[in-house]
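These notes concern the structure reproduced below.
The values are calculated or read from the model by the stated rules, or taken from the named source; none is laboratory data. Quick caveat, the model's predicted, so the values are computed rather than measured. Positions of Cβ are generated from backbone atoms using ideal geometry, with glycine treated the same way; all protein chains shown enter the neighbour counts. These area figures cover heavy atoms from the full protein model, side chains too; ligands, DNA and RNA do not enter into them. Shrake-Rupley method; radii C 1.70, N 1.55, O 1.52, S 1.80 Å.
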Amino acid sequence: MNASGAVGPVVNTRGAVGPVVNASGGVGPVVSARDAGRAILGIETSCDETAAAVVAGGRQVLSSVVSSQVDLHARYGGVVPEVAGRAHVERLVPVMSQALVESALDDSDIAAVAATAGPGLVGALLVGVSAAKALALVWDVPFVAVNHLEAHLHAAFLDEPSLELPVVVILVSGGHTMLVLMEDRLRYRVLGATVDDAAGKAFDKVARYLGLGYPGGPVIDRMSTQGDREAFAFPRAMLHDGWNFSFSGLKTAVINHIRRHPDSAVEDVAASFQEAVADVLVAKARRAAAAHDARGLCLAGGVAANSRLRELTLDACTADGLAAYLPSRAMCTDNAAMVAAAAWWRWQADGPSALTVGADPSLGLPEV
Amino acid sequence: MLILGIESATGRVGCAIGSHEGVRASVQATRERRHAELLAPQIQAACAHADISLRDVAAVAVDVGPGLYTGLRVGVTTAITMAHALRVPVVAVCSLDLVAFPLRHTGRSISVMIDARRGEVFHARYGCLPGGVQRLSDPEVVTPDHIVSQMLARDDESLVVGDGAVRYASMFEGLRGVELADPGFAHPSAESLVLLAHSRAVREEFVRPDEIEPLYLRRPDAQPNPIAGRS
Ligand SMILES: [Zn+2]
């Protein structure tokens with residue numbers, strides 16, 4: 001289990017302006033003999049991170065560069081699609097070329113180029129897809145279109161190659177909240193999903209209402225450490241009811257509470273809200289693991305960086321004798337290493353994608 | 001010098017390959033919102049038709065707009081990525097120049113209008129020169145009404161062209177001294193791009209790939225949120 005250490009040279013400094021530099025600093029990585037000739041350049045532009053990475057054989061991360069746009073969107077209080085699209089066009093070429101330089105590989109060592117084709121913001125996805133096809137044409141190598149959700153599911157393997165399946169994955173981000181049973185590398189079942197707001201959206205909205213700024217996840221996490229998570233009993237919607245989630249009622253309950261009790265400590269409100277979200281997510285995942293004989297629980301997506309969610313997941317796994325797979329924060333948030341890794345397994349199973357494949361903003365997780 | 005031209009600023013998307021001898025191959029389609037699907041296969045087909053490898057390309061030319069944002073992003077990203085990977089320079093050309101260029105022999109002033117949606121057009125005026133056109137006004141985003149009143153004030157002979165002119169044709173029909181160009185000239189073409197870019201490439205009017213930015217002419221709609229970003 002790897003709960004905190006970053007994998008390889010991955011660095012994701014949210015809020016950094018421009019491309020992020022390889023942390024290892026020293027001699028570039030070397031491809032193992034087993035993975036030589038199997039390197040994929042992956043590109044991720046589905047939302048507000050411009051990212052590129054080189055991963056060999058679906059497991060060895062040779063480089064991973066993320067340029068976050070969080071500062072660009074902060075003044076709008078949320079991701080603005082048009083701002084994101086413009087920033088991706090400006091940043092992608094430098095990010096890609098940095099990923100290639102840090103991998104210490106030559107253009108001619110890249111066996112395929114992959115990009116996230118969906119789900120996400122269409123004007124943002126188009127940038128990565130177009131760039132990947134352009135490189136595939138110039139280098140005369142296959143293009144592989146990647147499902148962003150599938151990429152998140154593969155992120156944990158990069159930190160924990162010996163991950164044992166089946167696992168129940170809590171996939172939570174600003175755009176998604178899903179409970180997925182991962183039976184095999186490319187075989188999943190979506191057990192449940194949010195019926196309204198994504199968990200990450202709820203964090204953003206509550207933070208905004210509390211006047212804490214954007215993005216909401218990190219700041220609520222930080223405030224919560226000073227607060228009492230049992231101060232207020234916010235609702236746990238659908239806790240005992242199937243596998244779906246609902247966070248819109250919780251958000252409204254928090255907002256109503258602040259209206260009625262304006263003198264409540266912000267820290268207590270934040271901690272109690274965060275507790276309600278994490279509690280519901282983990283309780284359902286735990287029940288799902290029992291129902292489907294899963295061997296572990298796994299976190300994925302940006303909200304998986306939340307420290308209370310990680311803590312509760314770990315506690316649940318300890319209590320139930322399950323393995324806990326908590327990928328590093330850099331691997332939870334959007335990155336291209338997970339895209340290149342997922343691309344490798346898809347490519348092995350289905351072959352390359354056609355150059356006629358476009359961006360699909362509402363692409364679903366391929367279920368078998 | 002072999003040039004690959006990439007054109008996707010309007011509802012049309014396409015590419016062309018050419019040199020000082022003219023256009024060797026071009027592939028174009030008018031299918032709105034399908035730019036990301038169509039462009040890469042079109043480039044592959046154009047290379048096959050011209051019987052060249054992308055490695056033979058000495059410069060990449062691209063229409064940087066103004067035009068439809070999603071199309072521009074597909075074209076500009078493809079162009080700068082290819083130029084970077086091929087280690088060749090980029091020639092950036094304005095969409096309005098490309099619409100005016102095929103009408104360079106008409107001898108009258110040309111008003112180019114590319115549909116900008118929301119009741120507006122991207123607009124610039126041109127005069128004819130031997131062998132080319134010269135921009136008389138900077139690209140702007142305006143209402144067709146505004147252009148009509150300017151024309152009435154100037155009272156000269158002019159030709160109006162572009163998909164914006166086609167869309168708002170009824171406003172220009174019947175204006176004294178104003179003629180609508182054939183709708184066949186309405187879109188910027190990849191052929192014109194290659195021809196125009198070739199002469200610029202010969203003069204080494206290149207832009208570094210990292211200096212290329214689409215000509216949006218409009219700011220994003222979103223308004224900054226006063227309580228956001230306080231943390
Ligand atoms: Zn994501």
Debye, to nearest 20: dipole size of the stretch B:96-185, +1 on Lys, Arg Cβ, -1 on Asp, Glu Cβ: 100 debye
Cα-based reach from A:LYS201 at 24 Å (exclusive), listing lysines while leaving out same-chain residues under 8 positions away: A:LYS251, A:LYS284
Per-residue ³J(HN,Hα) for the stretch B:68-75, Karplus 6.51 cos²θ - 1.76 cosθ + 1.60, θ = phi - 60°, Hz, x for Gly and Pro: 6, 4, 5, x, 4, 5, 5, x
Built amide H within the under 5 Å cut-off of B:ARG24, gap 5+: B:ILE17, B:GLY18, B:SER19
Accessible surface buried once A binds B (1.4 Å probe; total of both sides; Å²): 3200 Å²
Residues whose placed amide H lies under 5 Å from that of A:ALA323, excluding near-sequence neighbours: A:GLY296, A:LEU297
Label point distance in nm, B:ALA153-B:ARG218, each placed 7 Å from Cα along Cα→Cβ: 2.4 nm
List B:TYR168, A:TYR188, ordered by accessible area with a 1.4 Å probe, largest first: B:TYR168, A:TYR188
Residue-by-residue Karplus 3J(HN,Hα) for the stretch A:112-123, coefficients 6.51, -1.76, 1.60, Hz, glycine and proline x: 6, 10, 10, 8, 5, 9, x, x, x, 7, 4, x
Separation of alpha-carbon centers, the stretch B:97-144 and the stretch A:111-164, rounded to whole Å: 40 Å
From phi via Karplus (6.51, -1.76, 1.60), per-residue ³J(HN,Hα) for the stretch B:34-40 in Hz, x at Gly/Pro: 10, 4, 5, 6, 8, 4, 4
Gaussian network model of chain B, Cα within-10 Å springs - most flexible of B:ALA50, B:ALA181, B:ALA25: B:ALA50
Local electrostatic count at B:GLY5 - Lys and Arg +1, Asp and Glu -1, tallied over other residues with Cβ under 10 Å: -3
Proximal charge balance of B:TYR168 [Cβ under 14 Å; K/R count +1, D/E count -1]: -2
Å² per residue, accessible surface of the stretch B:96-185 at 1.4 Å: 47 Å²
Rounded to the nearest 10 Å², the accessible area of A:ASP241 at probe 1.4 Å: 90 Å²
Residues whose placed amide H lies under 5 Å from that of B:VAL178, excluding near-sequence neighbours: B:SER158
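In the protein assembly as shown, carbon and sulfur make up what percent of the accessible area (probe 1.4 Å)?
Accessible surface attributable to carbon and sulfur in the protein assembly as shown totals 50 percent.
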Among B:HIS187, B:HIS84, B:HIS146: highest mean-square fluctuation, GNM of chain B, C-alpha pairs under 10 Å: B:HIS146
Fluctuation leader among A:ASP263, A:ASP204, A:ASP279 - chain A, Gaussian network, Cα springs under 10 angstrom: A:ASP263
Distribution of pairwise C-alpha distances over the protein assembly as shown, 10 Å bins, in %: 4, 17, 24, 22, 16, 11, 5, 1, 0
Qualifying trypsin sites (Lys or Arg not before Pro) for the stretch B:1-106 [loop in DSSP, other Cβ within 10 Å: at most 16]: B:ARG31, B:ARG33, B:ARG34, B:ARG87
Net charge over other residues, Cβ less than 13 angstrom from the Cβ of A:ASP107 (K, R count +1; D, E count -1): -1
Solvent-accessible heavy-atom area per residue, rounded to whole Å², over chain A at 1.4 Å: 35 Å²
Helix-only CD estimate at 222 nm, as mean residue ellipticity for chain B, using -39500 (n - 2.57) per DSSP H run (n ≥ 4): -9500 deg cm²/dmol
